[in-house]
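First up is the structure itself, then whatever we jot down about it.
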Amino acid sequence: MNHFYQRRLKRLFDATGAAILIVVLAPLFACVAGLVLASSGRPILFRQQRIGWKNRPFWIVKFRTMSSRRDTAGTLLPDERRMLPIGRFLRATSLDELPELWNILRGDMSFVGPRPLLPDYLPLYSERQLLRHGVRPGLTGLAQVNGRNSLSWEQRFELDVQYANDVTIAGDAKILWRTLRVVVSAKGVHTEGHVTMPRFCGSTSEGTIHERAA
């Protein structure tokens, strides 16, 4: 099967699967929304701009797991001090990711692909790392089933590029199956010493786009 039909079949699977899951999981959506509301009030959802396919920005939607608490200077407090009471549970079970089904239905994302990251990272990628944006970002991906947040940024990006260079329907099915096992085990949810993945500040092994342009 050529790449064109692989992409068309992948998109059909994404749209159909997301639509079905949104309907079937509606009671779970309501339950999680109620837990967030009861635990921390509004807003229930968290929206943030991310970079997707072909470097295009979009707004990702998740259940809120952190507060917006700031210090007296107006700076956001460290992640561990902003984590909501229900936040750790939602992240460990990946339930905070459920609203991303809407992003998949819209075509911003796919079920499988590199995780969508912040616009701030774009000038920090090496040319090879930018290849990760040659496919739609995913709810899960090769990096998520091979260590998740316990991997370094360089390791994650290398797995992302490997995936982007060899997308197959069979490969996606295997990643989805392995994702179920990862979610159940809750392995790799946190980076050592952090409740979330630390910010990417650029790779040291290869010059970034910004460095080469200077």
**Item:** Pick from the stretch 107-159, criterion touching a strand residue (DSSP E or B) at 6+ places or on another chain (Cβ under 9 Å) and among the β-branched types (Val, Ile, Thr), ranking: farthest from residue 53 (Cα to Cα)
**Value:** 140
**Request:** Determine, yes or no, whether residue 157 is aromatic (Phe, Trp, Tyr), at pLDDT 95 or above, assigned to a helix (DSSP H, G or I) and closer than 22 Å to residue 56 by Cβ.
**Result:** yes
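Are any residues in the stretch 84-106 of a type in the set (A, V, I, L, M, F, W, C) and either surrounded by 22 or more Cβ atoms within 10 Å (Cβ to Cβ) or in contact with a strand residue (DSSP E or B) (Cβ under 8 Å, 6 or more places away or on another chain) (or both), and if so, which ones?
Just the residues of the stretch 84-106 that are of a type in the set (A, V, I, L, M, F, W, C), to begin with: 84, 86, 89-90, 92, 95, 98, 101-102, 104-105.
Answer for the stretch 84-106, where residues must be of a type in the set (A, V, I, L, M, F, W, C) and either surrounded by 22 or more Cβ atoms within 10 Å (Cβ to Cβ) or in contact with a strand residue (DSSP E or B) (Cβ under 8 Å, 6 or more places away or on another chain) (or both): 84, 90, 95, 98, 101, 102, 104.
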**Item:** Test set (1) of a type in the set (A, V, I, L, M); (2) more than 22 Å from residue 28 (Cβ to Cβ); (3) free of Cβ contacts under 8 Å to residues at least 24 places away in the same chain - residue 117 fails condition number
**Value:** (3)
**Qualifying residues in the stretch 82-94 (those that are hydrophobic (A, V, I, L, M, F, W, C) and not in a loop (DSSP other than H, G, I, E, B)) - the one nearest to residue 160 (Cα to Cα)** = 92
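Kindly indicate the residue of the stretch 50-81 that is among the polar types (S, T, N, Q) and part of a loop (DSSP other than H, G, I, E, B) and also surrounded by the fewest Cβ atoms within 10 Å (Cβ to Cβ) among those meeting that condition.
Quick first cut of the stretch 50-81, residues among the polar types (S, T, N, Q) only: 55, 65, 67-68, 72, 75.
Checking which are part of a loop (DSSP other than H, G, I, E, B) leaves us with 65, 67-68, 72, 75.
Details: 65: 22, 67: 16, 68: 10, 72: 5, 75: 8.
It comes out as 72.
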**Asked** Looking at (1) free of Cβ contacts under 8 Å to residues at least 24 places away in the same chain; (2) closer than 15 Å to residue 49 by Cα, which is the one condition that is false for residue 78?
**Response** (2)
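Look at residue 81 and say whether it is within 29 Å of residue 172 (Cβ to Cβ) and not aliphatic (A, V, I, L, M). Before you say what the answer is, go through the steps one by one.
Working: within 29 Å of residue 172 (Cβ to Cβ): no; not aliphatic (A, V, I, L, M): yes.
Considered against the rule, which asks whether it is within 29 Å of residue 172 (Cβ to Cβ) and not aliphatic (A, V, I, L, M), residue 81 comes out as no.
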**Asked** Has the stretch 169-185 got at least one residue that is of a type outside the set (A, V, I, L, M, F, W, C), assigned to a loop (DSSP other than H, G, I, E, B) and either in contact (Cβ under 8 Å) with a residue 40 or more places away in the chain or more than 18 Å from residue 13 (Cα to Cα) (or both)?
**Response** no
**Message:** Of all residues being surrounded by fewer than 16 Cβ atoms within 10 Å (Cβ to Cβ) and among the charged types (D, E, K, R) in the stretch 1-49, which is modelled with the lowest pLDDT? Just the residue, please.
**Reply:** 7
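Taking the stretch 16-45 on its own, how many of its residues are without any contact (Cβ under 8 Å) to a residue 40 or more places away in the chain and outside any loop (DSSP other than H, G, I, E, B)? Don't jump to the end; show me each part of the working.
Going residue by residue through the stretch 16-45, those that are without any contact (Cβ under 8 Å) to a residue 40 or more places away in the chain are 16, 20, 23-24, 26-27, 30-31, 33-34, 37-38, 41-44.
Those still in the list that are outside any loop (DSSP other than H, G, I, E, B) too: 16, 20, 23-24, 26-27, 30-31, 33-34, 37-38.
Matching residues across the stretch 16-45 total 12.
The values are calculated or read from the model by the stated rules, or taken from the named source; none is laboratory data. In this text the structure is predicted, and so the values were computed from the model without any measurement. Reconstructed Cβ throughout: ideal geometry from the backbone, glycine too, with neighbour counts over all protein chains shown.
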